[in-house]
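Colleague: Got a structure for you, written out below as C-alpha cells; questions coming shortly.
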C-alpha cells in the first residue's frame, strides 16, 4: 500500500499515483503546517495519544489531511497517521478487509458494505461527514474563460451526444462568446470514485432525460478518456485543449471552471454553496445509530445552493481490539470535526466547514469510539 507518513519531524512527502503521468503531492507534517492544536475541548481528546493508524480512500481528502494531521500532532507529537489517497472504493474495500483502521469516502457505505464492516470490526460502524466541497466541471478551452452549462448540456457532453464546442446548444447559453470548432474530450475517473458517484448522482437527478444511468462510483460509459484519482483528471484536462472533466474544486487551479444552471441562474462552485446544500440534505435512516449519511438535493432551484457537491465521509469502527489504536482514531476524528479542524481544512483545501448543527449531531458518534 502506498502511504504518506506524517510524523512530528516529517517534511514534504510525495506519493506516486498511476495517472496520466501526474504526480499527487501527498502531504506535510507538523513541522511545516500551521493548524489549530488538538487536545482538550472541541479540538480533540484531552489526553495525549500516540502510536500509528493507517487510513485509505478519497483523494479529495488528501489536501485536508495534511492540515488535520498537523493539527493533531501539535499536542500529540508521537501520533502518526498514514493515508493512502487510493480512491473512495479502494478505501472502503481496505477498511472492510481490515487493512486500515479508517477510511475516507466521497460516497456513503452501502448496506452490504456496512454489514461486512460490522462483522470485521465486531462492533458498530461510525460514518460521519468530515469534508464538504463543491465538484467543479473543469475545462481547458483556449480563449473561453466564462463558460455556462445547463444540466442537460453537461449530460450530453459526458455521454458524447454533443461532441463539438461550437455546438448550437452550447452557443445558445453562451451568447457573445466565441466557441471554437474543436472536438470535446470528456475525461472521467478510471478508479471507483466517490467523486464520480456524486457527479453521476447529480446527472441522474438533474438531467434525467439526457442521463439514463444511475449514480455509481464506477464510470458507466466505455471508451472515454479516463484517469486515476483527482490529480489524474486534473492533469489530463490540463494536457488537452478541448478537454473537460469533473474534480474537487479545491484542486482545479489553472483550469476553466464552468458555471452551472441552478433555477434561472448560473452558479459557480463555492464552499458556501456546498455548505448550504448539505444543510438542506436528508439524513439516511439505515446503518445504525452512528452512521450519518446524507441525500443531497441535486434538483435544487435555490442559487445559494451548489448542486454538484460531495459530502465526504470518514469511516471507523466504534470499538477496536487494540485500545491504543481506538484512542488515536477517536482523537484524530475528534480534531477533524472540531471547529479548529474544519477551519484548518477550509484554509488549506477550500472546503466548507461543517455547520454547528451537523457537528452537534455527529459528535456523539465520534465520542463512542474506543
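Colleague: What do you reckon, is residue 126 buried (at least 24 other Cβ atoms within 10 Å of the Cβ) and touching a strand residue (DSSP E or B) at 6+ places or on another chain (Cβ under 7 Å)?
Modeller: Against the criterion (buried (at least 24 other Cβ atoms within 10 Å of the Cβ) and touching a strand residue (DSSP E or B) at 6+ places or on another chain (Cβ under 7 Å)), residue 126 qualifies.
Colleague: While we're here: Looking at 37, 77, can you tell me which residue is over 20 Å from residue 369 (Cα atoms), modelled with pLDDT of 95 or more and surrounded by fewer than 19 Cβ atoms within 10 Å (Cβ to Cβ)?
Modeller: None of the other options fit; the residue is 77.
Colleague: Would it be correct to say that residue 352 is surrounded by fewer than 20 Cβ atoms within 10 Å (Cβ to Cβ) and modelled with pLDDT under 95?
Modeller: no
Colleague: Any idea how many residues of the stretch 318-354 are in contact with a strand residue (DSSP E or B) (Cβ under 9 Å, 6 or more places away or on another chain), at negative phi and touching a residue at least 12 places away in the same chain (Cβ under 8 Å)?
Modeller: Selection size over the stretch 318-354: 22.
Colleague: Let me ask something else. All but one of (1) out of contact with any helix residue (DSSP H, G or I) (no Cβ under 6 Å at 6 or more places or on another chain); (2) outside the structural domain of residue 114 (by TED's automatic domain parsing) hold for residue 305; which doesn't?
Modeller: (1)
Colleague: Kindly indicate whether any position in the stretch 241-252 is closer than 25 Å to residue 88 by Cβ and free of Cβ contacts under 8 Å to residues at least 40 places away in the same chain.
Modeller: Checked the stretch 241-252: no residue is closer than 25 Å to residue 88 by Cβ and free of Cβ contacts under 8 Å to residues at least 40 places away in the same chain.
Colleague: Next question. Does at least one position in the stretch 270-286 carry a residue that is in contact with a helix residue (DSSP H, G or I) (Cβ under 6 Å, 6 or more places away or on another chain), outside the structural domain of residue 317 (by TED's automatic domain parsing) and closer than 21 Å to residue 195 by Cβ?
Modeller: No, the conditions are met nowhere in the stretch 270-286.
Colleague: Also, quick follow-up: So which of 186, 168, 214, 180 is touching a helix residue (DSSP H, G or I) at 6+ places or on another chain (Cβ under 6 Å), modelled with pLDDT of 95 or more and surrounded by fewer than 18 Cβ atoms within 10 Å (Cβ to Cβ)?
Modeller: Criteria check complete, one pass: 214.
Colleague: Checking residue 245 against (1) more than 22 Å from residue 144 (Cβ to Cβ); (2) surrounded by 18 or more Cβ atoms within 10 Å (Cβ to Cβ), which test does it fail?
Modeller: (1)
Colleague: Read through the list (1) in a loop (DSSP other than H, G, I, E, B); (2) over 23 Å from the mean Cα position of the chain (by Cα); (3) closer than 22 Å to residue 61 by Cα, then give the number of the only condition that residue 305 fails.
Modeller: So the condition that residue 305 fails would be (2).
Colleague: From 17, 96, 12, which residue is under 28 Å from residue 199 (Cα atoms) and modelled with pLDDT under 95?
Modeller: 17
Colleague: Quick one: would you say residue 116 is assigned to a helix (DSSP H, G or I) and either surrounded by 24 or more Cβ atoms within 10 Å (Cβ to Cβ) or without any contact (Cβ under 8 Å) to a residue 12 or more places away in the chain (or both)?
Modeller: No; evaluated as a whole, the condition is false for this residue.
Colleague: Here is a further query. Of all residues in the stretch 119-154, which are out of contact with any helix residue (DSSP H, G or I) (no Cβ under 7 Å at 6 or more places or on another chain), in the same structural domain as residue 96 (by TED's automatic domain parsing), touching a residue at least 24 places away in the same chain (Cβ under 8 Å) and not in a strand (DSSP E or B)?
Modeller: Listed by number, the residues that qualify are 121, 122, 123.
The values are calculated or read from the model by the stated rules, or taken from the named source; none is laboratory data. Predicted model, so just to flag it, every value in this text is computed and none were measured. With ideal geometry, Cβ positions are generated from the backbone for all residues, glycine too; neighbour counts draw on all protein chains shown.
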